[in-house]
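A.B. asks: The structure is given below, and queries will be raised subsequently.
The values are calculated or read from the model by the stated rules, or taken from the named source; none is laboratory data. Just so we're clear, the structure is a prediction, and the values are computed from it rather than from any experiment. Every residue, glycine as well, gets a Cβ built from its backbone with ideal geometry; the counts of neighbours run over all protein chains shown. When the accessible area is computed, the model is the full protein with side chains, heavy atoms only, and any ligands, DNA or RNA have been set aside. Shrake-Rupley method; radii C 1.70, N 1.55, O 1.52, S 1.80 Å.
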Amino acid sequence: MNILVINCGSSSLKFSVIEACSGKDLARGLFDKLGSETPCYKMESPLLEAPATGSLPCHAGYETALDTLAAYLASEQLQLRIDAIGHRIVHGGEHFTGACLLDQPAMDAVKSCSSLAPLHNPANLLGIESAKRHFPKLPQVGVFDTAFHQSIEPEAFLYPIPFELYQQHGIRRYGFHGSSHKYVASEAARILGKPLKQTSIISAHLGNGCSAAAIENGSCVDTTMGLTPLEGLVMGTRSGDLDPGVIFHLHRSLGLSIEEIDTLLNKKSGLLGLSQRSNDMRSLRQASAEGDVAAQRAVKIFTRRLAKSIAGLRSTISSCDALVFTGGIGENDVQTRAETLARLAHLGIQLDPAANASAGRGQNGIITQPDSPLKAIVIPTNEELMIARETAQLVGSN
Ligand code: AMP
């Protein structure tokens, strides 16, 4: 079954076409700067020699992007058959515990979650509505970043604030990066040669956004992100955990507005804020090697807090087969893995430095010594494949 996976951001549309059974990538691409004066695109397929690139008319949006995409997929050279569309949706609240056919009640439920993800869900909805108009005969499926975390129990998802805020307004931990955590859990089970239902891991998705999750017998029991993707680990530009009192202080004593504080914590903090240089781990590693003290401090805080969170998550599951690193940093940054694991020796992790140095580069790899009581594994994530598989599974069973 060929699945078109669509991920709509506020000004972009990312897509891939995946043969769900084999995981084969048939096409992929990005429409960028949608709604601006200079929208542009790049689409490519292993079946064609050259990528298709170009610009779209001024202020073109999802409609024009989907016109261009549909023409590309149906073009004489490509003629790709699409069987269903899987949409990445950021927030499914408590409505969705798995993938779901996007009929009207489901669309209404996604809409009702918009206040929890005002930057993401409205864009996802616009993309779905456009895709329904362009491909009216195809099943459209929603796959939610939050769904994998719906197995989390109240003792882990409730905040210690008045209970009625949860009951009346749904204020609780939801968690994100669900497709990534779910994908690496299934890959870890495969690598360890165990059924997923008997596999327990802690997965650390470390990209521009970062989150870790404790997964027991294949189900998520806790995670670091919360009501929004701001909680938890230090990220590229997001602060992660901090004393909520900092927000009151910024407002009352420094006179910052709520919008300014929102921007400060989401866009100017994390690695960027600490280093005053970059949100990009590669740049910070280079600057650290050249002696930049702020960059050195930023990465130290990043790994220290990561290790602290992983150790905390370990206490939420009774056994753990492996610690998994994924995402741009988790897959590629040898030093982040080494420095984090050095702090976690008490969990029974014995790093194999040579395996760590050669791991990643698009390949799975165990980076601990063969007799290490707890294994650490690098697993390149593939959220698109997870979305394609879940879409195919749902469509196949209907
Ligand atoms: P993602 O959001 O998953 O694309 O991850 C982005 C992050 O991965 C950025 O901080 C990049 O600097 C980091 N990253 C990507 N490649 C490397 C690499 N080879 N070494 C270190 N960090 C990397």
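A.B. asks: Please work out if ALA295 is hydrophobic (A, V, I, L, M, F, W, C), part of a strand (DSSP E or B) and either out of contact with any Phe, Trp or Tyr (no Cβ under 7 Å at 6 or more places or on another chain) or within 16 Å of the ligand (Cβ to nearest atom) (or both).
C.D. replies: Working: hydrophobic (A, V, I, L, M, F, W, C): yes; part of a strand (DSSP E or B): no; either out of contact with any Phe, Trp or Tyr (no Cβ under 7 Å at 6 or more places or on another chain) or within 16 Å of the ligand (Cβ to nearest atom) (or both): yes.
No; evaluated as a whole, the condition is false for this residue.
A.B. asks: Select from the range 228-261 the residues that are charged (D, E, K, R) and surrounded by 14 or more Cβ atoms within 10 Å (Cβ to Cβ) and write down the one among them that is farthest from SER115 (Cα to Cα).
C.D. replies: Taking the candidates together, the pick is ASP241.
A.B. asks: Test of understanding: among LEU272, LEU265, which residue is buried (at least 19 other Cβ atoms within 10 Å of the Cβ), under 18 Å from THR336 (Cα atoms) and either touching a Phe, Trp or Tyr at 6+ places or on another chain (Cβ under 6 Å) or at pLDDT 95 or above (or both)?
C.D. replies: Working: LEU265 fails: under 18 Å from THR336 (Cα atoms).
On inspection, the qualifying residue turns out to be LEU272.
A.B. asks: Looking at the range 313-343, which of the residues that are in contact (Cβ under 8 Å) with a residue 12 or more places away in the chain, closer than 17 Å to LYS300 by Cα and more than 14 Å from the ligand (Cβ to nearest atom) is surrounded by the most Cβ atoms within 10 Å (Cβ to Cβ)?
C.D. replies: LEU341
A.B. asks: Then there is this: Look through the range 275-292, keep the residues that are closer than 25 Å to LEU119 by Cα and open to solvent by 40 Å² or more (accessible area, probe 1.4 Å), and return whichever of them is nearest to the ligand (Cβ to nearest atom).
C.D. replies: ASP280
A.B. asks: Now, a different point. Between residues in the range 81-100 that are touching a residue at least 40 places away in the same chain (Cβ under 8 Å) and residues that are open to solvent by 30 Å² or more (accessible area, probe 1.4 Å) and among the hydroxyl-bearing types (Ser, Thr, Tyr), which pairs lie under 8 Å by C-beta distance while being six or more apart or on different chains?
C.D. replies: Pairs found: GLY93/SER112; THR97/SER151.
A.B. asks: Do the conditions hold for ILE310, that is, is it in a loop (DSSP other than H, G, I, E, B), away from the ligand (no atom under 16 Å from the Cβ) and either at pLDDT below 95 or of a type in the set (Val, Ile, Thr) (or both)? Please lay out each step first, then the result.
C.D. replies: Details: in a loop (DSSP other than H, G, I, E, B): no; away from the ligand (no atom under 16 Å from the Cβ): yes; either at pLDDT below 95 or of a type in the set (Val, Ile, Thr) (or both): yes.
No: the conditions fail for ILE310.
A.B. asks: Taking the condition free of Cβ contacts under 8 Å to residues at least 60 places away in the same chain, in contact with a Ser or Thr (Cβ under 7 Å, 6 or more places away or on another chain) and open to solvent by less than 30 Å² (accessible area, probe 1.4 Å), does LEU56 pass?
C.D. replies: Criteria met by LEU56.
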